[in-house]
Structure formats: C-alpha cells, structure tokens
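A.B. asks: Quick one: structure below, then a few questions.
Quick note: the coordinates plus some simple rules give every number you see, no bench work behind them. The shown structure was predicted, so the numbers you read here are calculated from the model rather than taken from an experiment. Heads up, the Cβs are rebuilt from the backbone with ideal geometry, glycines too, and the neighbour counts pull from every protein chain shown.
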Amino acid sequence: MFAIGRKRECRRVRDKLSEYIDDRLGIDERDSAESHLESCDACSQELEALRMTVHLLNQVPVVPVPRSFAIRETETGREQVPGSRGWGGPSSSARL
C-alpha cells in the first residue's frame, strides 16, 4: 500500500515540476513538493534534469527565419469548396 501511495505522490510532484521551477505554485503546493523532493531521489533527479534542460534551451540562440512560412489559400492554387468542412476537406454531402 505504501508503494502505491509513494508512486502517486511522485506522479503528482513530477506533474508540477515545471510550475515549481517557474515559481508558479502556491505556498502549500510548493512546501509539499519541497518536502517530497527532500526524501525522493528519483524526483530530485527528475527536477535536476528538467533544470538542466531549461538551462540548455535558454542557451539556444534565436535565429530569425528568412521569410514567412505561412501558406495562404491564394498561393496553393486550390479553392475552398462551398459547403466543405475546412480547406481541402470533404464536403458535407460526401459523408456516408
């Protein structure tokens, strides 16, 4: 029974690690997470891995794109069929 409760607590804490790092947890949730992290090596390692990932992602330079990659319908040569359910989608009369 204890192992199931521990796994559930680990899952709960791991689901909140991003919010924990970003300091977006309430006081009670933060205290609960910190208490768990002090006693759980697996969750502490997960936290450190997430912190390292965030750190590395913050090191990636922002590269401007040379042009817009958005495609407008006029550039595709296709027209939307009246009564269709979106661009290129089947018309409502074609349903089985």
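A.B. asks: Modelling each spin label as a point 7 Å along the Cα-to-Cβ direction, I'd like the Ser35/Thr53 distance in nm, to one decimal.
C.D. replies: Computed distance between label sites Ser35 and Thr53 equals 2.7 nm.
A.B. asks: Taking each pair of different alpha-carbon atoms in the range 30-72 once, compute 1/r for the pair, average those values, and report the inverse of that mean as the Kirkwood hydrodynamic radius in Å to one decimal.
C.D. replies: On the way: mean 1/r = 0.0742 Å⁻¹.
Evaluated on the range 30-72, it is 13.5 Å.
A.B. asks: Any idea what diffusion coefficient the range 2-59 gets from Stokes-Einstein, in µm²/s, Kirkwood Rh on alpha carbon pairs, 37 °C, 0.692 mPa s? Let's see the in-between values first.
C.D. replies: Values: Rh = 11.8 Å.
For the chosen part, D equals 279 µm²/s.
A.B. asks: In whole Hz and in residue order, list the ³J(HN,Hα) couplings for the range 31-37 that follow from phi through the Karplus curve 6.51 cos²θ - 1.76 cosθ + 1.60, θ = phi - 60°; x for Gly and Pro.
C.D. replies: With the stated coefficients, the range 31-37 comes to 4, 5, 5, 4, 4, 5, 4 Hz.
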